[in-house]
Amino acid sequence: MTETIVTYDLKNDVAVIGLDRPAKRNALSDELIRQLNAAVTQAHQEAKAGVIHSTSAHFCAGLDLAQLAEKMKTGKRRKRGSWHPTFEMIARSEVPFVAALNGACIGGGLELASAAQIRVADKSTYFGLPEATRGIFVGGGGAVRTQRLMGYARMADMMLTGRVLTAEEGERANLCQYVVEEGESLNKALELAERIASNRGMVNWAICAALPRINDVSHEDGLFIESLIGASIAGGDDKKRVTDFVEKKTGRVKPKED
Ligand code: 1HE
């Protein structure tokens, strides 16, 4: 029987996906990607938001180098772009994902985290892109997504020099949006995911699927797509959410409390 190395749980409307290969620091083997794909597919069928976390001390050590070494010996290399469909499903769908980070968030692990819409790092988290050290390149969409998050200069620095960033440095470099105390990233990610799950699905879809695409087109085309999206999501329960505010049935935006 195949060992379970990705756990799946549905908590209310939130799919909780756990990377569960602690002995290998959640290194991304073909089997782990296969199980992750199945979990994300299931999340799409039944959840309104998702969380991806590690069940142990490290989020993810990146590509399974032992498996790669084995394939190099036999000449059976991983097909290029084989992670893309899974990571793309996380990145651009109606189900937004929050990645809860801890410990090593390295190489393909950072690429996976970059596919989520929100990253919460606890203070044990460190970010690295050691691909050049291993003589390989990013392969999980990091050239697009991670670069877009942190910018070319920072990514080139990390890749060329092996520079490692702490959680706080990662936040300043835009690799994560929240830094929490050690052991708290899953709790914070769940709290955020529950909040996200209460949004209209169509609006979440527009944020996840349309905003990044608008980034890819011209200013004018972006404005046009924005108008199209606005028109296409009109209807449904949007009127109720608006009138609820006008009739004082729903909360106001409050100043942030420390
Ligand atoms: C692994 C992997 C892995 C650990 N593939 N087996 N990624 C890297 O270059 C990161 C490589 N890993 C590390 O630097 C460290 O292992 C960690 C910082 C993540 C954790 O250190 P530590 O001291 O807690 O654990 P460890 O003793 O180094 O590793 C524990 C076991 O996990 C050990 O196996 P064991 O059988 O000897 O016990 C390690 O071999 C195994 N392990 N990381 C396979 N990555 C296609 S594009 C994406 C390209 C990339 O992702 S490049 C980055 C690859």
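The values are calculated or read from the model by the stated rules, or taken from the named source; none is laboratory data. Just so it is clear, the model here is predicted, and its values are computed rather than measured. Every residue, glycine among them, receives a Cβ derived from its backbone with ideal geometry; neighbour counts consider all protein chains shown. Accessible surface areas use protein heavy atoms only, side chains included; no ligands, DNA or RNA. Shrake-Rupley method; radii C 1.70, N 1.55, O 1.52, S 1.80 Å.
Ligands, DNA and RNA are left out, and with a 1.4 angstrom probe the accessible area of the stretch 94-160 is 33 Å² per residue.
Here the relative contact order of the stretch 120-236, from alpha carbon pairs under 8 Å that lie six or more residues apart, stands at 30 percent. Accessible surface for the stretch 1-42, divided over its residues, is 51 Å² per residue with a 1.4 Å probe.
GNM, the chain, Cα, under 10 Å: largest mean-square fluctuation among Gly81, Gly183, Gly201? Sorting by GNM fluctuation, first place goes to Gly81. Computed 3J(HN,Hα) for the stretch 158-172, one whole-Hz value per residue from the Karplus formula 6.51 cos²θ - 1.76 cosθ + 1.60 where θ = phi - 60°, is 4, 6, 6, 10, x, 4, 10, 10, 6, 4, 5, 5, x, 5, 5, glycine and proline marked x.
Each of Ala66 and Lys239 was given a label point 7 Å from its Cα along the Cα-to-Cβ line. The distance between the two points is 6.0 nm. For Val16, the amide hydrogen comes within under 5 Å of the amide hydrogens of Asp9, Leu10, Lys11, Val51, counting only partners 5 or more places away or on other chains and with H modelled in the peptide plane. For the chain, averaging the sequence separation of C-alpha pairs within contact (under 8 Å, six or more residues apart) and dividing by the residue count gives a relative contact order of 17 percent.
Length gain on complete extension for the stretch Lys123 to Tyr152, per 0.36 nm per residue less the alpha carbon to alpha carbon distance?
On the way: separation 29, 0.36 × 29 = 10.44 nm, distance 2.48 nm.
Between Lys123 and Tyr152, full extension yields an extra 8.0 nm.
Taking 0.36 nm per residue of separation and subtracting the current Cα-Cα distance, fully stretching the chain between Ala209 and Glu247 would add 10.5 nm. Whole-Hz Karplus values for the stretch 80-85 come out as 4, x, 6, 7, 4, x Hz, taken residue by residue from phi with 6.51 cos²θ - 1.76 cosθ + 1.60 and θ = phi - 60°; glycine and proline positions read x.
Set the bar at 32 Å for Cα to Cα. Now go through Lys71/Lys123; Lys11/Lys254; Lys11/Lys76; Lys24/Lys188; Lys24/Lys73; Lys11/Lys71 and name every pair that lies beyond it. Show your work: numbers first, answer last.
Working: Lys71/Lys123 35 Å; Lys11/Lys254 28 Å; Lys11/Lys76 39 Å; Lys24/Lys188 25 Å; Lys24/Lys73 20 Å; Lys11/Lys71 38 Å.
With Cα atoms farther than 32 Å apart: Lys71/Lys123; Lys11/Lys76; Lys11/Lys71.
Straight Cα distances below 17 angstrom link Lys249 to the aspartates and glutamates Asp237, Asp238, with same-chain residues fewer than 8 positions distant left out.
The label-point distance for Arg195 and Thr4, in a model that sets each label 7 Å from Cα toward Cβ, rounds to 3.0 nm. With a 1.4 Å probe and all protein chains left in place, how much of the accessible area of the stretch 94-161 comes from carbon and sulfur atoms, in whole percent? Carbon plus sulfur share of accessible area: 59 percent.
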